[in-house]
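A.B. asks: What follows is a single structure, and I will ask about it in a moment.
The values are calculated or read from the model by the stated rules, or taken from the named source; none is laboratory data. Just so you know, these numbers come straight off a predicted model, no measurement behind them. Because the Cβ atoms are built from the backbone with ideal geometry, glycine has one as well, and the counts that use them run over all protein chains shown. Accessible surface areas use protein heavy atoms only, side chains included; no ligands, DNA or RNA. Shrake-Rupley method; radii C 1.70, N 1.55, O 1.52, S 1.80 Å.
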Amino acid sequence: RATMKSLRFISAEAFVSNAEFARKSLRGVAHNLFPLLFKASYLLEQGEVIHDLVENWPLVDFNMGKLLGTTVDCQEDLSHRTCSVCLESCLTGLRDYVLNHPSPYVKRLKVVDLTGIKDVEVQFCECKKTMGRWARTQLLSKLCLELLVYLQQTQCNPGTFEISIDVLIDLFVTERNYELVAQALLKKCYCPLKICCVAFRSDNLALQKFFYIIKLTDPSLLRKLEIVHNVRLEMEHLEILFNSMHFPLLMSLTLPARTFNVRRFTATDERMLTNIGEKMGEMTRLTELSISFSILTGRIQKLLSPLKTPLKMLDVSNCSLNHADMAYLANSFHANHLEALDLSGHNIPDLYPSVFFKLLSHSSSVLRSLTLEDCNIQDTHVNMLILALSPCQKLQEFKFLGNPLSSQALKHLFTFLCELPMLKNVEYPVPRDCYPIGITYPIDDASLCRFDHQKYESVAEELNLILLQANREDVKASTPLFGSYDAAVQETNNELGAYLIKSFKETLEKFTTSLNKMS
């Protein structure tokens, strides 16, 4: 793929393409050329050169997002290349920077920022091997511990112990890498490389371990906290978390399914919910909240009204919201600031069409992403949907999988979507007429793939033709049957699968024991 490169960058590529020559010549390279050579090496996947550049890094900071992003010399953004060869070379180079005492440069490095790396579905690197967030967490923790062991066992230059480098990273912890990461965080104060956790994600982790490790990360520095799959955090645990730790910089919070369930609320639970809302109100930077698959009927106002900063992202998918909840959202100060909204799993056309209209009209000037999956949007609702979406001229992403729409209705909708100038990504359902007659919605997983694939391909071609004829080749339209790509789930799906099987087995055993007692 052609990209704009300056003569300087082309020269840098030529220099690093001969790894042996480049590595020998680094001593004579001007300090201000290191960033240029780093990006050129990354583009060409010259692992050894990357290692040596980092090992001898002469500058005060090393920011991956800035180094790999669009620059004057090379417009191509490489920050979404999580190339295993490059990233491993980078991190081992960092370890060796600490150990390399006869370095020709004075050690000035103070901050390494790894948070600008973006995990995406399609990789363009030659090696085709990626190093995701979980593996980066694992490798950095391992290198920090190895460094400590080496420094204890070897007669090192006294100056080595004076080196202190903050390494900013988005940590991803599961049962499988928990021990290693916990050890690295526990011994952080003795290690020249200081792990600074900016964002933390946890999947497949016992609650006790989650509470222990979150304390080790230093919650006062956290900007993003994601507690996602198989962490059995319920409302009482969330209250303990917020009462025992402070998150002054937190901007984004994701809670696991079933954190809240108002169907079995007592007076104590109501007080607990109020307290949680107040604690969230103290997080003055919080602008992103995901509380999907909790039952929050009639309680959205209690949870969100204490917030002092308007939310820019809200995911309340499958939260059993009622008319009062939707009315609160439409009239709240959050509505005018929502850039991303997920209302999936709510029967919008039948339950609250007018407040939905109001909510979209209030957020239309800023709304970039809208998700309405499994919302029972039928052919008769398409004109209403078009009317609601018309003011949303900044919309970049629209996802509406799982709705019972015919191929004819989809064509009508696509003709309208071509008019949204900023639109880039559309996820649409398999047309209802591709499934057997009598299919019921929402479609269960077993029936999801049982449709006429040939007919679907034909409809997909027609929809792409509508985009093409409107000169909208920039819009990507797809039908990911099992939902959007999640880099974290993709990377740890083996562990996730094993955990689910274990949970299922335990449930079966409990059920069998109960049956035996009864008989």
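A.B. asks: In the range 445-468, what count of residues is obtained for those that are in contact with a strand residue (DSSP E or B) (Cβ under 8 Å, 6 or more places away or on another chain) and either open to solvent by 30 Å² or more (accessible area, probe 1.4 Å) or over 17 Å from residue 403 (Cβ atoms) (or both)?
C.D. replies: Adding up the residues that qualify gives 2.
A.B. asks: Would you mention how many residues in the range 248-290 are among the aromatic types (Phe, Trp, Tyr) and open to solvent by less than 10 Å² (accessible area, probe 1.4 Å)? Working first, answer last.
C.D. replies: Taking the range 248-290 and keeping what is among the aromatic types (Phe, Trp, Tyr), we get 260, 265.
With open to solvent by less than 10 Å² (accessible area, probe 1.4 Å) added as a condition, the list becomes 260.
The number of residues fulfilling the criteria is 1.
A.B. asks: Applying the selection to the range 238-247, what residues are outside any loop (DSSP other than H, G, I, E, B) and open to solvent by 20 Å² or more (accessible area, probe 1.4 Å)?
C.D. replies: Within the range 238-247, 239, 240, 243, 244 meet the criteria.
A.B. asks: Next up: Considering 442, 480, which residue is touching a Leu at 6+ places or on another chain (Cβ under 9 Å), assigned to a loop (DSSP other than H, G, I, E, B) and either at pLDDT 85 or above or open to solvent by 30 Å² or more (accessible area, probe 1.4 Å) (or both)?
C.D. replies: Details: 442 fails: touching a Leu at 6+ places or on another chain (Cβ under 9 Å).
One residue alone meets the criteria, 480.
A.B. asks: Which pairs turn up if I take residues in the range 448-462 that are at pLDDT 95 or above and look for partners that are surrounded by 15 or more Cβ atoms within 10 Å (Cβ to Cβ) and among the small types (Gly, Ala, Ser) with beta carbon separation below 6 Å, at least 6 apart in sequence or on another chain?
C.D. replies: If the second residue must be surrounded by 15 or more Cβ atoms within 10 Å (Cβ to Cβ) and among the small types (Gly, Ala, Ser), the pairs left are 459/407.
A.B. asks: It is to be established whether one or more residues within the range 227-237 are in a loop (DSSP other than H, G, I, E, B), without any contact (Cβ under 8 Å) to a residue 40 or more places away in the chain, open to solvent by 30 Å² or more (accessible area, probe 1.4 Å) and on the phi < 0 side of the Ramachandran plot.
C.D. replies: As a first pass, look at the range 227-237 and keep what is in a loop (DSSP other than H, G, I, E, B): 228-234.
Remaining after also requiring without any contact (Cβ under 8 Å) to a residue 40 or more places away in the chain: 231-234.
Narrowing the set further to residues that are open to solvent by 30 Å² or more (accessible area, probe 1.4 Å) leaves 232, 234.
If we keep only those that are on the phi < 0 side of the Ramachandran plot as well, we get 232, 234.
Checked against the condition, which is being in a loop (DSSP other than H, G, I, E, B), without any contact (Cβ under 8 Å) to a residue 40 or more places away in the chain, open to solvent by 30 Å² or more (accessible area, probe 1.4 Å) and on the phi < 0 side of the Ramachandran plot, the range 227-237 yields at least one hit.
A.B. asks: Among what's in the range 147-156 and is of a type outside the set (A, V, I, L, M) and surrounded by 13 or more Cβ atoms within 10 Å (Cβ to Cβ), pick the residue that is nearest to the chain's Cα centre (by Cα).
C.D. replies: Just the residues of the range 147-156 that are of a type outside the set (A, V, I, L, M), to begin with: 150, 152-156.
Filter once more, keeping what is surrounded by 13 or more Cβ atoms within 10 Å (Cβ to Cβ): 150, 156.
Numbers: 150: 35, 156: 40 Å.
Restricting to residues being of a type outside the set (A, V, I, L, M) and surrounded by 13 or more Cβ atoms within 10 Å (Cβ to Cβ), the top hit is 150.
A.B. asks: Quick check on the range 291-300: of everything there that is assigned to a loop (DSSP other than H, G, I, E, B) and under 24 Å from residue 230 (Cα atoms), which residue is most open to solvent (accessible area, probe 1.4 Å)?
C.D. replies: Initially, the range 291-300 is screened for residues assigned to a loop (DSSP other than H, G, I, E, B), giving 291-294, 296-299.
Okay, now just the ones that are also under 24 Å from residue 230 (Cα atoms), so 291-294, 296-297.
On the way: 291: 2, 292: 23, 293: 113, 294: 1, 296: 0, 297: 45 Å².
Ranking the qualifying residues of the range 291-300, first place goes to 293.
A.B. asks: Looking at (1) at pLDDT below 95; (2) out of contact with any Ser or Thr (no Cβ under 7 Å at 6 or more places or on another chain); (3) open to solvent by 20 Å² or more (accessible area, probe 1.4 Å); (4) farther than 20 Å from residue 119 by Cα, which is the only condition residue 56 fails?
C.D. replies: Residue 56 satisfies all of (1) at pLDDT below 95; (2) out of contact with any Ser or Thr (no Cβ under 7 Å at 6 or more places or on another chain); (3) open to solvent by 20 Å² or more (accessible area, probe 1.4 Å); (4) farther than 20 Å from residue 119 by Cα except (2).
A.B. asks: Can you tell me which residue among 392, 375 is hydrophobic (A, V, I, L, M, F, W, C), within 24 Å of residue 298 (Cβ to Cβ), in a loop (DSSP other than H, G, I, E, B) and without any contact (Cβ under 8 Å) to a residue 40 or more places away in the chain? Even if it seems obvious, please write down each step before you answer.
C.D. replies: On the way: 392 fails: within 24 Å of residue 298 (Cβ to Cβ).
Within the list 392, 375, the selection yields 375.
A.B. asks: Looking at 50, 117, can you tell me which residue is surrounded by 20 or more Cβ atoms within 10 Å (Cβ to Cβ), touching a Cys at 6+ places or on another chain (Cβ under 7 Å) and under 30 Å from residue 8 (Cα atoms)?
C.D. replies: Values: 117 fails: touching a Cys at 6+ places or on another chain (Cβ under 7 Å).
Result: 50 is the single residue among 50, 117 that is surrounded by 20 or more Cβ atoms within 10 Å (Cβ to Cβ), touching a Cys at 6+ places or on another chain (Cβ under 7 Å) and under 30 Å from residue 8 (Cα atoms).
A.B. asks: Going by what's in this entry, would residue 410 be described as surrounded by 19 or more Cβ atoms within 10 Å (Cβ to Cβ) and part of a loop (DSSP other than H, G, I, E, B)? So that I can check it myself, show each step before the final result.
C.D. replies: Working: surrounded by 19 or more Cβ atoms within 10 Å (Cβ to Cβ): yes; part of a loop (DSSP other than H, G, I, E, B): no.
So residue 410 does not fit the description; no.
A.B. asks: Looking only at the range 160-177, count every residue that is modelled with pLDDT of 95 or more, open to solvent by 10 Å² or more (accessible area, probe 1.4 Å) and in a loop (DSSP other than H, G, I, E, B) and tell me the total.
C.D. replies: Within the range 160-177, the first condition is being modelled with pLDDT of 95 or more, and the residues that meet it are 165-177.
This time we only want the ones that are open to solvent by 10 Å² or more (accessible area, probe 1.4 Å), so: 166, 168, 170, 175-176.
Of the ones still in play, those that are also in a loop (DSSP other than H, G, I, E, B) are 175-176.
Looking only at that region, the number is 2.
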